[in-house]
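*Asks:* Please find one structure pasted underneath; my questions will follow.
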Amino acid sequence: MAAAAKTHIAEKGGNPKIVTVSAFGGAGPCMRMALRKNWGPETARSPNAGVGSALGFFTAPRAFDLVRSHKVSLADADFAVIEKIFRELEADGEKTLKKAGKDEAIRFERSLDMRFVGRI
């Protein structure tokens, strides 16, 4: 990250030694110190670093990722069973979201992670 920032500043004709780094987010102070150590900007600040993370947390829509393994070869896959797994996950997710106070419409996104036999 430090190398990318230094390159970006140099490409824009700036001097990385005289910029002010303003770090934010939960790990902002740690990143700020790493940047200063790596290429030494004179001024580095992280005012209220965790506030941005907290605001993002409170303003983001409620969401949950639910995962279930179902190991089967594509040739042997029973898509009725896979559909049943998806419906169970959606029912679990809906119950969890309603318990968390979600009143508006719930949207589900389905995906499958697949691999070739022998690959990890």
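*Asks:* Quick one: count up the residues across the range 1-19 that are among the polar types (S, T, N, Q) and open to solvent by 80 Å² or more (accessible area, probe 1.4 Å).
*Replies:* Initially, the range 1-19 is screened for residues among the polar types (S, T, N, Q), giving 7, 15.
Imposing the further condition that a residue be open to solvent by 80 Å² or more (accessible area, probe 1.4 Å) reduces the set to none.
Of the residues in that region, 0 qualify.
*Asks:* Filter the range 1-23 down to the residues that are outside any helix (DSSP H, G or I), of a type in the set (Gly, Ala, Ser) and in contact with a helix residue (DSSP H, G or I) (Cβ under 9 Å, 6 or more places away or on another chain) and list them by number. Steps first, please.
*Replies:* Kept after step one, since they are outside any helix (DSSP H, G or I), are these residues of the range 1-23: 1, 12-23.
With the extra rule that they be of a type in the set (Gly, Ala, Ser), the set shrinks to 13-14, 22-23.
Answer for the range 1-23, where residues must be outside any helix (DSSP H, G or I), of a type in the set (Gly, Ala, Ser) and in contact with a helix residue (DSSP H, G or I) (Cβ under 9 Å, 6 or more places away or on another chain): Gly14, Ser22, Ala23.
*Asks:* Separate question: Show the residue pairs that are 6+ apart or on different chains and have beta-carbon atoms under 9 Å apart, the first residue being within the range 94-120 and of a type in the set (Gly, Ala, Ser), the second being open to solvent by 100 Å² or more (accessible area, probe 1.4 Å).
*Replies:* So the pair list comes out as Ala100/Arg62; Ala100/Phe64; Gly101/Arg62.
*Asks:* Can you pull out every residue in the range 82-120 that is open to solvent by less than 60 Å² (accessible area, probe 1.4 Å), small (Gly, Ala, Ser) and within 23 Å of Phe58 (Cβ to Cβ)?
*Replies:* Gly93, Ala100, Gly101
*Asks:* Which one is farthest from Arg119 (Cα to Cα), of the residues in the range 65-81 that are surrounded by 10 or more Cβ atoms within 10 Å (Cβ to Cβ), aliphatic (A, V, I, L, M) and without any contact (Cβ under 8 Å) to a residue 24 or more places away in the chain?
*Replies:* The extreme case among them is Val81.
The values are calculated or read from the model by the stated rules, or taken from the named source; none is laboratory data. This one's a predicted model, so the numbers in the text were calculated from it and none came from an experiment. Methodologically, a virtual Cβ is constructed for each residue, glycine included, from the backbone with ideal geometry; neighbour enumeration extends over all protein chains shown. These accessible areas exclude ligands, DNA and RNA; they are computed on the full protein's heavy atoms, side chains included. Shrake-Rupley method; radii C 1.70, N 1.55, O 1.52, S 1.80 Å.
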